[in-house]
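Asks: Submitted below is the structure of interest, expressed as structure tokens.
The values are calculated or read from the model by the stated rules, or taken from the named source; none is laboratory data. As the structure is a computational prediction, the values presented were derived from the model and not from experiment. Backbone-built Cβ (ideal geometry, glycine too); neighbour counts: all protein chains shown. These area figures cover heavy atoms from the full protein model, side chains too; ligands, DNA and RNA do not enter into them. Shrake-Rupley method; radii C 1.70, N 1.55, O 1.52, S 1.80 Å.
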Amino acid sequence: MAKKSRKSVGTPATVALTTAGVPFTTHSYEHDPAAPSYGEEAAQALGVAPDQVFKTLLADVDGALTVAVVPVSGSLDLKALAAAVGGKRATMADPAAAERSTGYVRGGISPLGQRKRLPTVVDASAEGRPTVCVSAGRRGLEVELSPEDLVALTGARLAPIARA
């Protein structure tokens, strides 16, 4: 069972949200290291549909790290991501490079409060939803906020980058 909280739990992501004055809710749950999918584990623990929980992935687009935020119910379309940022070719980023650049560990990478601001694309399916959940910066901790605030705080663009 997930616990809800309105106060900051002190990750760079929640500090960024608090500093920006953005309304958000944190949800914590006991992370199971044996879970095959961090995102699906989060959706199940929070009791929400997997298309409301978004995973944060890093890709290398023409040599530049790029953040992709897609529903856990789908997968990232690398070609669509490259096109969304005006690139030609995208591959998944090396996990160590992703961790170094963002300051987060795999399975806990948040699109918010990253060490270095990277080009970010949020899947268009987030648009029109009242809220979405993304990692709050560690495994077992999610933050729920409006997609508009997510896009504004990350400087993201919306584009159809997920495949079902």
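Asks: Looking at Gly87, is it touching a helix residue (DSSP H, G or I) at 6+ places or on another chain (Cβ under 7 Å) and assigned to a loop (DSSP other than H, G, I, E, B)?
Replies: Values: touching a helix residue (DSSP H, G or I) at 6+ places or on another chain (Cβ under 7 Å): no; assigned to a loop (DSSP other than H, G, I, E, B): yes.
The answer is no for Gly87.
Asks: Follow-up question, since we're still on this one. Does Leu78 satisfy being open to solvent by 30 Å² or more (accessible area, probe 1.4 Å), at pLDDT 95 or above and more than 17 Å from Phe24 (Cα to Cα)? Spell out the reasoning first.
Replies: On the way: open to solvent by 30 Å² or more (accessible area, probe 1.4 Å): yes; at pLDDT 95 or above: yes; more than 17 Å from Phe24 (Cα to Cα): yes.
So Leu78 passes the test.
Asks: Would you call Thr66 outside any loop (DSSP other than H, G, I, E, B) and open to solvent by less than 40 Å² (accessible area, probe 1.4 Å)? Reasoning before the result, please.
Replies: Working: outside any loop (DSSP other than H, G, I, E, B): yes; open to solvent by less than 40 Å² (accessible area, probe 1.4 Å): yes.
Taking the combined requirement at face value, the residue satisfies it.
Asks: Name the residue that is least open to solvent (accessible area, probe 1.4 Å), counting only residues in the range 100-141 that are in contact with a helix residue (DSSP H, G or I) (Cβ under 6 Å, 6 or more places away or on another chain), assigned to a loop (DSSP other than H, G, I, E, B) and among the polar types (S, T, N, Q).
Replies: Looking at residues that are in contact with a helix residue (DSSP H, G or I) (Cβ under 6 Å, 6 or more places away or on another chain), assigned to a loop (DSSP other than H, G, I, E, B) and among the polar types (S, T, N, Q), I get Ser110.
Asks: Another question about this same structure. For Ala97, indicate whether it is over 25 Å from Leu17 (Cα atoms) and either part of a loop (DSSP other than H, G, I, E, B) or open to solvent by 10 Å² or more (accessible area, probe 1.4 Å) (or both).
Replies: Working: over 25 Å from Leu17 (Cα atoms): no; either part of a loop (DSSP other than H, G, I, E, B) or open to solvent by 10 Å² or more (accessible area, probe 1.4 Å) (or both): yes.
No, not satisfied.
Asks: Here is a further query. Could you give every pair whose Cβ atoms fall below 7 Å, whose first residue belongs to the range 11-34 and is more than 11 Å from Leu141 (Cα to Cα), and whose second residue is open to solvent by 40 Å² or more (accessible area, probe 1.4 Å) and of a type in the set (D, E, K, R), counting only separations of at least 6 or pairs across chains?
Replies: Pairs found: Val22/Asp149; Phe24/Glu144.
Asks: Just the residues that are on the phi < 0 side of the Ramachandran plot, modelled with pLDDT of 95 or more and open to solvent by 50 Å² or more (accessible area, probe 1.4 Å), please, taken from the range 50-63.
Replies: Lys55, Asp60
Asks: Right, here's the next one. Just to check your reading of the model, which residue among Val122, Val151, Val143 is free of Cβ contacts under 8 Å to residues at least 40 places away in the same chain and not charged (D, E, K, R)?
Replies: Val151
Asks: So, one more: Can you confirm whether the range 12-29 contains a residue that is crowded, with 21+ Cβ neighbours inside 10 Å, over 15 Å from the mean Cα position of the chain (by Cα) and outside any loop (DSSP other than H, G, I, E, B)?
Replies: No: the range 12-29 contains no residue that is crowded, with 21+ Cβ neighbours inside 10 Å, over 15 Å from the mean Cα position of the chain (by Cα) and outside any loop (DSSP other than H, G, I, E, B).
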